[in-house]
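The values are calculated or read from the model by the stated rules, or taken from the named source; none is laboratory data. This structure is a prediction, so every number in the text was calculated from the model and none was measured. A quick note on method: Cβ atoms are made from the backbone with ideal geometry, for glycine too, and the neighbour counts reach across all protein chains shown. Heads up: the accessible areas ignore ligands, DNA and RNA and are worked out on the full protein's heavy atoms, side chains in. Shrake-Rupley method; radii C 1.70, N 1.55, O 1.52, S 1.80 Å.
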Amino acid sequence: MILCALTFLLLLCLGVPIAFTILGASVAYFTLNPMLASIVAQRMSSSLESFPLLAVPFFIIAGGAMARGGIARRLYHLADGLVGHWWGGLAQVAVMNSLFLGAMSGSSNADAAIDARTIAPIMRERGYSNGFASVVSAASGVIAPIMPPSIGLIVYGLLTDTSIGRLFTGGVIPALLIAVALLATVRFAAKRRNYRPEREHRLPLKETAARAWSAAWALAMPVLLLVGLRGGWFTPTELGAMAAVYALVVGLVVYRGFGLGEIYPLLRESALTTANVLFIIAAASVFSLILALEQVPQQMVTALLSISDNKYVVLLVINLLLLVLGTMLEGLALLIILVPILLEVTRSLGIDPVHFGIVLVFNTTIGSITPPVGTVLFTVCSITRCSIEEFASESVPFLVALIGVLMLLTFVPSLVTFLPDLLF
C-alpha cells in the first residue's frame, strides 16, 4: 500500500492526468501481488458492464445537442429578460443561464465553457474585469452537477444502489439555492464595483412571456425528466436515450440550430467526453478494490466514529476533508474512490443516502473551481485567458457563498429530501 501511495503522489506531482495517476498507482500495488495482476483488466472491464451507465453517454449527447441547437441562445434571452435589470445584469444573466442549461447538460465543464465562450466576452466589453467574468462563468457551472440530469448523481446512484429518480428530484431545491446564493453574491460585488444593470427597468411581462415561449422546447426537457421518472415511464437509461433523441429533434427540426452534416462532429465530441468519464470510472474501480483489500473503509469508519457518534459532526468532518481533497483531485475520481469508503460511515449513522449524495457531489464540484487542480477553473481560464492568480483572488466571495450553501444543505437534510419524499 505504501508503494501505491508513493506512486500516486509522484504521478500527481508530475501532472499526469488523474485517470492515469489512479491506474498507475493501482498497477504499482499489484506488481507486489503478481497473483492478482490479472484483476486490473478484469476489474476495469467489469466496472463498465452496467446498463444504467448507458445513461451517461445519452445525457452527454443531449447536452451537446442542446448547446449547439440554438437552445443556448434562447435561454440567454430568457435569462436576460428575467434578471437583466438587476445590478451586475450580465453576470446575473450568466447565473440564470447556467440554471437553465444545467437542467440539460449535467456537466459543470460543459456549462461553464458555454458561458465563458458566449457571455464572458460581452461582460469584458461592458467593463467587467476578466477575472470577475471568468469566476462567474465557473461558479455558475457548479449548478449543473446538482440539477438533473447530473452525471455525478448517476454515478453515485450506481455506486450506492440509490434511486436515481430520488437523487434527481433531491437536486432541484439545492440547485435553486445555489443559484440564489450566486445571484446575491453577484449583486453584492456589482454594487461595490458599479457594474450597472443592462437596462433601467424590468421588461414588460408580455415580452418576458414571449421569450419564455420562444424557449419553451428547451424548458420542457427538465419537465420531461422529472415527470418521466416520477411516472415510471422510463428508467434513467431509457430517459437518457429519450433526452438525446428529443434534443436532436429540437435542434434539427424545431430550432434548426444545426444541420445533418453537424451530427457526426456532435457524436464524435460526445464520444470523446464519454470516453474520458468512463476511463476515470474504470481506473477508479481498480483503486476502490485496493482500498477494499486493505480494509480502508473499516479503518475510516472506526476513525470517524472515534471523533463523534453525532452524524452532523461526522458530516462536517467529511465536508472539510473533501474540500481539501477537492483542491487536488478531479471530482468524479474523488467521488468514485471515496463513496465505497464513506458509504459504510453513513449507513452506520443512519444518514439518508440521497441527502449524502447531493452533499457529496456538490462538495466535490466546488473543488473543480479551486486551484491547483480545478478542472472547471482550467477550462474557463484557457478560454478567457485569465491568469490563475487573478481567478483565485476574484473567486473568494463566490467560494464563501457556495460553502455556505453546502453547510446549509449538510445541516438541514429536509432541503434535499423534501421533494423525493413528496413525489416518491
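Numbers at a glance
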quantity: Check on F234, outside any helix (DSSP H, G or I), in contact (Cβ under 8 Å) with a residue 24 or more places away in the chain, out of contact with any strand residue (DSSP E or B) (no Cβ under 8 Å at 6 or more places or on another chain) and among the hydrophobic types (A, V, I, L, M, F, W, C); calculated: no
quantity: Residues satisfying the stated conditions in region 161-191, i.e. surrounded by fewer than 20 Cβ atoms within 10 Å (Cβ to Cβ), closer than 23 Å to P57 by Cβ and in contact (Cβ under 8 Å) with a residue 24 or more places away in the chain; calculated: T162, S163
quantity: Options F356, F391, F362: the member that is at pLDDT 80 or above, touching a Gly at 6+ places or on another chain (Cβ under 7 Å) and of a type in the set (F, W, Y); calculated: F391
quantity: Residue match in region 367-377 (condition: more than 30 Å from A190 (Cβ to Cβ), at pLDDT below 80 and in a helix (DSSP H, G or I)); calculated: no
quantity: Given (1) assigned to a helix (DSSP H, G or I); (2) under 29 Å from F279 (Cα atoms); (3) open to solvent by 10 Å² or more (accessible area, probe 1.4 Å), index of the condition S393 fails; calculated: (2)
quantity: Check on A55, surrounded by 24 or more Cβ atoms within 10 Å (Cβ to Cβ), touching an Asp or Glu at 6+ places or on another chain (Cβ under 9 Å) and modelled with pLDDT of 75 or more; calculated: no
quantity: Evaluation of P222 against (1) assigned to a helix (DSSP H, G or I); (2) modelled with pLDDT under 85; (3) open to solvent by 50 Å² or more (accessible area, probe 1.4 Å) (one fails), failing number; calculated: (3)
quantity: Residue within region 354-361 that is of a type in the set (A, V, I, L, M) and surrounded by fewer than 21 Cβ atoms within 10 Å (Cβ to Cβ) present; calculated: no
quantity: L322 buried (at least 20 other Cβ atoms within 10 Å of the Cβ), over 26 Å from the mean Cα position of the chain (by Cα) and part of a helix (DSSP H, G or I); calculated: no
